[in-house]
Amino acid sequence: MIIILSFLAAICNCIMDGIAHYDKYNRWGYWWSKNAYYGAKYVFANKHTKIPKWFINQFLVMFLDAWHFSKLVMILLFFTMVGFYGSWEIGIAGFFIYQITFILFYGKKT
């Protein structure tokens, strides 16, 4: 099982690199393009002004383009491996600690 989960996580990482560096999958649609990776949350925020921007930037962004969704899936796969080979409590806690830490420190000026 760990081989399958690692393989799927590596595919997610390949998708992320393909989008960020080469815009490799844009022929599959806008959701897969580098433009969506950079601008999806801004386009969505402008269309849906009643949704708070902090909610879009911290939570909905995971589903607005293929790069962020692939990252979410990759992280979930890693913590699923922890759950299978450690304990589910540690895997779930690790996922939430990762998400909260990322939210708190992403974009902070050093």
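The values are calculated or read from the model by the stated rules, or taken from the named source; none is laboratory data. Since we're looking at a predicted model, the values are computed, not measured. In case anyone asks, the SASA skips ligands and DNA or RNA and just uses the protein heavy atoms, side chains included. Shrake-Rupley method; radii C 1.70, N 1.55, O 1.52, S 1.80 Å.
The long axis of helix 34-47 is offset from the longest Cα principal axis of the chain by roughly 60 degrees. Within the chain, the ratio Rg/Rh, alpha carbon atoms throughout and Rh by Kirkwood, equals 1.01. Annotation: per residue accessible area for region 66-110 equals 71 Å², rounded to a whole number [probe 1.4 Å, protein chains only]. The lysine pair count for the chain, using Cα distances under 28 Å and pairs eight or more places apart or on different chains, is 24. For the chain, the 222 nm mean residue ellipticity estimated from helices alone, with every DSSP H stretch of n ≥ 4 adding -39500 (n - 2.57) and the total spread over all residues, rounds to -22000 deg cm²/dmol.
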